[in-house]
């Protein structure tokens, strides 16, 4: 396959203006980058793409693991029993999920700093180098992108420190290119409007005009080019499955060439993203999506796994929830979970709530949450348990999440647990018998959710 490389220097004055019906806004670049393009596919009219976007974007160079399609048991959101496409096939392999789980703390660290969902970094890593930890010979690194401060990257293995550095660079790049402007310019989260995520992936790959035409041929709107991109939507449904629609679903497979049929076999980035997050794929993927409570429980279990397997440790790793503050972090944890589920406890500041009293107050206000007094209510998974302290001067003391209810018992999961102060505590899970024990004040519940 013949590859063409192009280099473009970008300055602080560049502002991308992608005008989309979904109010998708692009923010100005904050740094100077050099980007080099290697296109193993999706290379329709490279010069036009770079002029339109003032940036180089990158072909996928698919190296997906097609040999291991067994059911995955890694506890990543949406991938335990719902990691299926529209035809019931595994989306992410066990090998891929194991690698994602190893990389997840690095993805999360970069994503939190730059206000993007960590899963979008993971799927770009899959699409570009198959989750590789070796820099390819083209100098672009493991994300097929390089920042002027770090690239071009030397060919060969990538250390943990270098992996984190490249991940930080690409997260900054994604954030600068693809901020969503919806509902008061909120941060992009894993449950953001799906089209925002799709368009971000489409932009990263290059926004080839041929895919806009392909989207329209399949009945999508002119500004929904991402729906026609195999990089984004391959195998999302039958009409975008190369095995089901070999003559109507194509892909650019050579540099400077036209579209050819059928498209390649690898899953689209958004299909993989939906498997990780449960984002709405229009019925094509049954991940952890839909009900807020279900998302909350899945996210909480995911964090429990990270603390259980040692990916997160007592000390300062709780800073991911507390925004770097040293403090008792049980409220930080539950508010972080709800924000990641797309149903924040409050607007602004990434939904962070640091005070147990404020969590209760939010429920009592009755706007997007309700407060249910202990003794008058049977809790449900996803509820926030409000506990009191035995010290009368500090009545409200702790919050946890209900993750399961069985008869008169409930399993609760929370942060800042295990004793020893906030630097020694971690995320743990245990079972309580009875819903109206002497130390339970009540429950804060998401309002109007299934």
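For region 342-359, residues that are outside any loop (DSSP other than H, G, I, E, B) and surrounded by fewer than 21 Cβ atoms within 10 Å (Cβ to Cβ) total 4.
Scanning region 397-409 for residues that are in contact with a strand residue (DSSP E or B) (Cβ under 6 Å, 6 or more places away or on another chain) and either outside the structural domain of residue 428 (by TED's automatic domain parsing) or at pLDDT below 95 (or both), we see that the one that is nearest to residue 436 (Cα to Cα) is 409. Residues in region 286-308 that are modelled with pLDDT of 55 or more and outside any helix (DSSP H, G or I): 291 alone. Looking only at residues in region 80-120 that are touching a strand residue (DSSP E or B) at 6+ places or on another chain (Cβ under 8 Å) and buried (at least 24 other Cβ atoms within 10 Å of the Cβ), the one that is nearest to residue 320 (Cα to Cα) is 83.
When residue 388 is tested against (1) touching a helix residue (DSSP H, G or I) at 6+ places or on another chain (Cβ under 9 Å); (2) surrounded by fewer than 21 Cβ atoms within 10 Å (Cβ to Cβ), exactly one condition is not met: (1). Being modelled with pLDDT under 95 and under 20 Å from residue 227 (Cβ atoms) narrows it down to one of 250, 283, 257, so name that one. Answer to the check: 283.
The set of residues in region 320-341 being part of a loop (DSSP other than H, G, I, E, B) and surrounded by 21 or more Cβ atoms within 10 Å (Cβ to Cβ) consists of 329, 341.
Screening residue 142 on (1) modelled with pLDDT under 95; (2) not in a helix (DSSP H, G or I) shows it passes everything except condition (1).
The values are calculated or read from the model by the stated rules, or taken from the named source; none is laboratory data. Everything numeric in this text was worked out from a predicted model, so none of it was measured. Neighbour counts are summed over all protein chains in view; Cβ atoms, including those assigned to glycine, are modelled from backbone coordinates with ideal geometry.
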